[in-house]
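All remarks here apply to the structure that follows.
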Amino acid sequence: MRGKQVGIYELMAGGIVGVLLASLGLALSSEQGDAYRSTTTIRVHSDLVLIPVTVTDGRGKTVAGLEKEHFTLYEDEAPQEITHFGTEDGPASIGLVVDTSQSMKPRLRKAREAVAALLNTANSQDEFFLVQFSTRPLLVVPMTAEREAIRNRVERLEANGSTALLDAVTLALMEMQNAHNARKAIVIISDGEDNSSSCSMGDFMERVRESDALLYAIGITDSAYSSQIWPPPPKPAGSALLSEIANQTGGRLFEVNHLKQLPEIASRIGALLRNQYVLGYAPNNSEKNGRYHRVQVKLTKPKGFPRLHAVWRLGYYSPAE
């Protein structure tokens with residue numbers, strides 16, 4: 001599995017990187033920028049890693065207006081030269097992974113509203129697919145630009161069975177291979193920890209690290225269903241799992257304490273997808289060994305800006321010889 005797409009780039013066999021920069025709609029600060037302004041796929045015969053970075057303020061609102069010099073990037077603790085810098089929006093391929101286990105029965109109405117909010121904030125050129133899961137995952141709507149097909153199928157979701165979260169996200173990652181856009185994201189709506197998957201945690205995390213999709217999770221805690229419980233229950237193990245999945249990719253977990261928050265949080269995820277910086281670099285160490293390389297991004301706050309917080313994909317697998 002190693003050597004497939006990671007970040008918003010494609011690691012091709014033999015170290016050739018195919019970059020779909022045209023479909024990203026990026027404004028690049030490289031001297032080669034004009035070469036990438038094309039409606040065709042550009043193939044660069046060198047290693048190029050593109051890391052999407054989301055920057056927010058203390059209230060979680062996305063921050064625009066940063067320039068390349070405000071970012072410092074490291075791979076395996078070694079500083080890297082940022083050769084490409086993009087900020088513009090582009091169409092996205094978005095997978096919706098909805099928990100329909102028995103415990104979600106009283107929460108499905110709000111889950112439907114959350115999906116509707118995501119669809120309402122979408123780019124006109126976005127495409128979607130829908131995975132529902134309980135004891136087993138099911139791809140109920142394959143990748144499509146017809147968002148009404150998603151709306152109609154979500155309205156017919158019914159809750160029963162246990163929770164196969166890892167299997168569901170694995171299925172979503174497989175379907176994401178049919179994406180037509182360079183920007184990719186999977187949004188998980190779930191209320192609990194996995195108790196039914198056949199996929200091991202080790203295999204699953206390797207798949208997540210090899211994926212080029214951002215993963216966002218909406219975790220519905222017990223207090224979202226019953227606010228009468230006091231003291232509130234401890235943070236569920238399922239939230240820790242969802243957080244680990246999201247953090248690996250540069251996404252994040254949103255914990256829902258009240259069901260009425262679901263549509264608002266879904267809209268916030270849509271905004272995060274639309275407001276990202278993309279940092280591109282050619283690794284100093286270009287050895288083709290199939291190893292996992294850790295990436296770190298540091299920010300220099302410009303004068304007059306609020307306190308900033310950045311999230312990014314934590315690493316990628318290099319191609320093997």
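Each reported figure results from applying straightforward, stated rules to the coordinates on display, with no laboratory input. Keep in mind that this is a model prediction, so the values were computed, not measured. Methodologically, a virtual Cβ is constructed for each residue, glycine included, from the backbone with ideal geometry; neighbour enumeration extends over all protein chains shown.
Results, tabulated for the structure shown:
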| quantity | calculated |
| --- | --- |
| Computed P(r) (all Cα pairs; the range 92-273; 5 Å bins; percent) | 1, 9, 19, 24, 23, 15, 7, 2, 1, 0 |
| Members of 68/288; 105/260; 61/301; 68/298; 184/301 lying beyond 22 Å, as alpha-carbon distances in this model show | 68/288; 184/301 |
| Rel. contact order, % - alpha carbon contacts under 8 angstrom, at least six apart, the range 148-203 | 53 |
| Nitroxide proxy distance, nm - points 7 Å out along Cα→Cβ at residue 198 and residue 271 | 4.2 |
| The range 70-92 versus the range 258-303: alpha-carbon centroid distance in Å | 9 |
